[in-house]
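Written below as structure tokens is the structure these notes are about.
The values are calculated or read from the model by the stated rules, or taken from the named source; none is laboratory data. Remember, it's a predicted structure, so these values are computed and weren't measured experimentally. Here the Cβ positions follow ideal geometry from the backbone for every residue, glycine too, while neighbour counts run over all protein chains shown.
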DNA sequence: CATCGATGTTGAG
DNA sequence: TCAACCTCGATGG
């Protein structure tokens with residue numbers, strides 16, 4: 001159940017432990033019927049873009065999207081324990097084993113299809129942005145839209161990698177009302193949101209935890225203390241003491257503080 | 001033990 | 001707009 005930082009961590013794991021190696025690819029569950037196409041080939045590299053992970057096997061790509069249920073489990077050998085659950089795809093190289101369970105997408109695609117996905121997806125705050133063009137793509141897209149900013153942040157073609165937790169937390173940190181249309185948000189504010197996304201996602205990659213509170217202390221790792229507003233409906237806002245609200249926006253739960261986020 | 005819900009997306013209507 | 005997809009840990013009785 002990842003947002004972009006988790007997927008980036010998976011890519012890092014594959015680049016560290018599998019890249020450049022002949023990799024066994026199987027489907028213990030049997031539902032990944034194309035596993036044989038990749039079996040015993042070199043896993044060239046892993047690329048994360050938003051919530052999608054692409055494992056390149058020379059000229060072929062395995063596109064993986066965990067969706068809401070999917071999960072990775074990694075093990076180091078020489079002894080591998082049998083993990084619980086239905087394993088869609090299993091990867092083994094040397095002493096490393098990775099099991100993929102419950103993904104929405106696990107499909108082999110070619111280079112053209114890979115390029116199509118790159119084009120379709122919006123800018124990923126975790127990608128290097130030396131000339132600021134990724135930030136520009138986000139700002140210019142959001143500032144033209146009459147869609148609420150709370151929905152724009154969940155749109156993977158606007159910004160890739162933000163999910164329901166970061167959406168709520170970023171808007172709280174920006175003091176921005178989620179219902180405000182994108183074209184009513186100032187350019188300065190949009191740049192601030194992009195910069196905060198970069199900061200938060202990087203910290204998430206580094207720590208493996210979604211830290212969003214003021215001092216980023218890991219002391220706020222316990223579930224009750226972790227977030228500013230996410231899943232805190234009916235509780236006191238940590239800043240103003242008002243009540244945290246909840247509503248459905250595009251059928252996803254949205255959390256915000258009505259007085260901090262006017 | 002049964003039920004619920006989740007950091008997500010697609011596609012039918 | 002909403003059901004369907006798909007898995008399993010958390011929750012409650």
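Looking across the stretch A:213-237 at every residue that is more than 16 Å from DNA strand B (Cβ to nearest atom), touching a helix residue (DSSP H, G or I) at 6+ places or on another chain (Cβ under 9 Å) and assigned to a loop (DSSP other than H, G, I, E, B), the one that is modelled with the highest pLDDT is identified as A:237.
Candidates in the stretch A:13-62 are the residues that are within 16 Å of DNA strand B (Cβ to nearest atom) and not in a strand (DSSP E or B); of these, the one that is farthest from the chain's Cα centre (by Cα) is A:31. Screening the stretch A:191-216 for residues that are under 13 Å from the mean Cα position of the chain (by Cα) and buried (at least 19 other Cβ atoms within 10 Å of the Cβ) and picking the one that is nearest to residue A:171 (Cα to Cα) gives A:197.
When restricted to residues that are farther than 17 Å from residue A:112 by Cβ, surrounded by 22 or more Cβ atoms within 10 Å (Cβ to Cβ) and touching a residue at least 60 places away in the same chain (Cβ under 8 Å), the stretch A:37-82 contains 5.
Scanning for something part of a loop (DSSP other than H, G, I, E, B), without any contact (Cβ under 8 Å) to a residue 40 or more places away in the chain and within 16 Å of DNA strand C (Cβ to nearest atom), does the stretch A:239-246 turn up at least one residue? So far as the stretch A:239-246 goes, no, none of its residues is part of a loop (DSSP other than H, G, I, E, B), without any contact (Cβ under 8 Å) to a residue 40 or more places away in the chain and within 16 Å of DNA strand C (Cβ to nearest atom). Among the residues making up the stretch A:219-236, those that are surrounded by 11 or more Cβ atoms within 10 Å (Cβ to Cβ) and either touching a residue at least 40 places away in the same chain (Cβ under 8 Å) or out of contact with any strand residue (DSSP E or B) (no Cβ under 6 Å at 6 or more places or on another chain) (or both) are A:220, A:221, A:225, A:226, A:227, A:228, A:229, A:230, A:231, A:236. Tell me whether the stretch A:140-154 contains one or more residues that are at pLDDT 95 or above, within 20 Å of the chain's Cα centre (by Cα), within 14 Å of DNA strand B (Cβ to nearest atom) and not in a helix (DSSP H, G or I). So far as the stretch A:140-154 goes, yes, one or more of its residues are at pLDDT 95 or above, within 20 Å of the chain's Cα centre (by Cα), within 14 Å of DNA strand B (Cβ to nearest atom) and not in a helix (DSSP H, G or I). The residue of the stretch A:63-89 that is farthest from DNA strand B (Cβ to nearest atom), among those that are closer than 27 Å to residue A:162 by Cα and assigned to a loop (DSSP other than H, G, I, E, B), is A:87.
Scanning the stretch A:247-262 for residues that are without any contact (Cβ under 8 Å) to a residue 60 or more places away in the chain and either within 16 Å of DNA strand C (Cβ to nearest atom) or surrounded by 18 or more Cβ atoms within 10 Å (Cβ to Cβ) (or both) yields a total of 3. Take residue A:160 and tell me if it is exposed (fewer than 14 other Cβ atoms within 10 Å of the Cβ) and in contact (Cβ under 8 Å) with a residue 12 or more places away in the chain. No, not satisfied. Among the residues that make up the stretch A:194-209, is at least one of them assigned to a loop (DSSP other than H, G, I, E, B) and either touching a strand residue (DSSP E or B) at 6+ places or on another chain (Cβ under 7 Å) or within 13 Å of DNA strand B (Cβ to nearest atom) (or both)? Within the stretch A:194-209, one or more residues are assigned to a loop (DSSP other than H, G, I, E, B) and either touching a strand residue (DSSP E or B) at 6+ places or on another chain (Cβ under 7 Å) or within 13 Å of DNA strand B (Cβ to nearest atom) (or both).
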